[in-house]
1. Please indicate, with yes or no, whether at least one residue in the range 260-279 is at pLDDT below 90, β-branched (V, I, T) and open to solvent by 40 Å² or more (accessible area, probe 1.4 Å).
2. Just checking, does the range 86-93 include any residue being farther than 20 Å from A315 by Cβ, out of contact with any Asp or Glu (no Cβ under 8 Å at 6 or more places or on another chain), open to solvent by 30 Å² or more (accessible area, probe 1.4 Å) and not in a helix (DSSP H, G or I)?
3. In the range 76-104, what count of residues is obtained for those that are more than 20 Å from A226 (Cβ to Cβ) and without any contact (Cβ under 8 Å) to a residue 40 or more places away in the chain?
4. List the residue pairs whose Cβ atoms are under 7 Å apart, where the first residue sits in the range 145-158 and is touching a residue at least 40 places away in the same chain (Cβ under 8 Å), the second is among the basic types (K, R), and the two are 6 or more positions apart or on different chains.
5. Identify, from the list I57, I101, I119, I134, the residue that is within 21 Å of the chain's Cα centre (by Cα), of a type in the set (V, I, T), farther than 18 Å from T306 by Cα and open to solvent by 10 Å² or more (accessible area, probe 1.4 Å).
6. Looking only at the range 291-323, which residues are among the hydrophobic types (A, V, I, L, M, F, W, C) and touching a His at 6+ places or on another chain (Cβ under 9 Å)?
7. L243 - would you say it is open to solvent by 40 Å² or more (accessible area, probe 1.4 Å) and within 24 Å of I151 (Cβ to Cβ)?
Amino acid sequence: MDAGQDQRPRANWKSWAGAGVGLVVLGLAAWGLNKIAGQVTLAQVMAEVEATPTHLIVFAAISTYLSYVVLIGYDWFATRHLGYKIAWPTLAAASFASFTISHTLGVTVLTGGTVRYRIYTRVGVKPVDIAMIILLCGWTFWLGIIFVAGIGLIVSPGLAEPIRAWVPQGLEEWTGALLLGGVVAYTLLTTFWKHDFKLWRFRFALPNGKQTLQQIAIGTIDLALAGGALYILLTPVAGVPDLLTFLVIYAVAMVTGALAHAPGGLGVFELVVVGLMPNADKAGVLAAIALFRLLYTFIPFMLGATLVAVLEYRALRASRANLPPAGDPALSANNH
């Protein structure tokens with residue numbers, strides 16, 4: 001592939017703008033964490049970690065595992081929509097490796113995107129389609145986030161309690177209705193829109209209504225399992241809200257951490273979760289998040305990095321095996 005065809009993920013002005021937003025979010029997070037640090041000590045957090053029942057850690061690990069299984073659905077949906085039929089082992093490898101790397105290192109397009117590029121180009125996926133796979137996976141994530149947040153704010157409107165003095169009553173319900181209305185409107189659009197969608201110089205076919213419902217289901221189940229893993233670890237902590245409210249908090253924390261472009265949203269995620277649960281014991285919450293990061297981020301990252309190393313080693317061996325030996329006539333044909 002020549003330089004003109006190389007379409008691997010690259011940084012552009014949007015990446016730099018995102019980095020600027022991330023610096024602002026990180027600055028706010030540092031300020032917030034400094035305030036939290038004055039209210040809880042490391043010894044208190046470690047004591048809470050040690051006191052966490054083993055069976056809760058096991059249940060959280062199972063929920064985390066199921067979440068990563070569901071994540072394969074992101075790549076399955078995206079590749080099928082683009083007309084590819086890729087074997088499940090390849091889908092699983094691309095999904096697990098890219099998500100574990102991007103969850104830990106941040107900057108999803110450049111980290112997870114590069115991993116997908118390396119894996120999918122080896123099975124014949126066009127580079128331009130890999131960009132579309134990344135876009136579709138991201139959109140599936142957002143549909144799940146918006147849908148869960150909409151349901152949660154309507155059914156269990158407790159997110160704005162920490163700032164009730166500054167926001168009107170009923171804000172959560174109206175916000176939830178707006179989010180759900182957006183999901184419904186988009187689903188109707190994809191059901192009846194029969195033309196290609198054009199964005200700048202790119203043209204692509206939107207998923208149809210049935211496929212959009214598949215996206216919503218995949219994103220929702222993933223969010224419920226991942227957020228549920230943390231909620232399981234939080235069950236012994238006093239002052240934690242109900243599950244639906246917590247899933248909204250988790251969604252906000254995930255989005256804010258992603259905007260910060262910090263590795264794994266470190267610091268930002270903690271600040272949002274603690275800040276939106278003011279009545280919960282802070283040491284218990286931070287202990288649960290520490291265990292969650294171990295189960296959901298650190299261990300999968302080590303496994304994902306190992307998987308990438310193995311795949312690259314196999315690809316290197318395969319490329320060397322296909323090289324003609326020294327002195328092969330094919331190498332010297334151009335010398336005459």
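The values are calculated or read from the model by the stated rules, or taken from the named source; none is laboratory data. Bear in mind the structure is a predicted one, so any value in this text is a computation, not a measurement. Methodologically, a virtual Cβ is constructed for each residue, glycine included, from the backbone with ideal geometry; neighbour enumeration extends over all protein chains shown. Areas reflect the complete protein model, heavy atoms only, side chains present, ligands, DNA and RNA absent. Shrake-Rupley method; radii C 1.70, N 1.55, O 1.52, S 1.80 Å.
1. No, that holds for no residue.
2. No, every residue in the range 86-93 fails to be farther than 20 Å from A315 by Cβ, out of contact with any Asp or Glu (no Cβ under 8 Å at 6 or more places or on another chain), open to solvent by 30 Å² or more (accessible area, probe 1.4 Å) and not in a helix (DSSP H, G or I).
3. Total satisfying the criteria: 8.
4. none
5. Matching residue, one of I57, I101, I119, I134: I134.
6. F301
7. yes
Each row is one residue, and each column tells you yes or no for (1) in a helix (DSSP H, G or I); (2) farther than 27 Å from G239 by Cβ; (3) modelled with pLDDT of 85 or more.
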residue	(1), (2), (3)
W142	yes, yes, yes
I151	yes, no, yes
I154	yes, no, yes
G158	no, no, no
Q169	no, no, no
E172	yes, no, no
G176	yes, no, yes
A185	yes, yes, yes
H195	no, yes, no
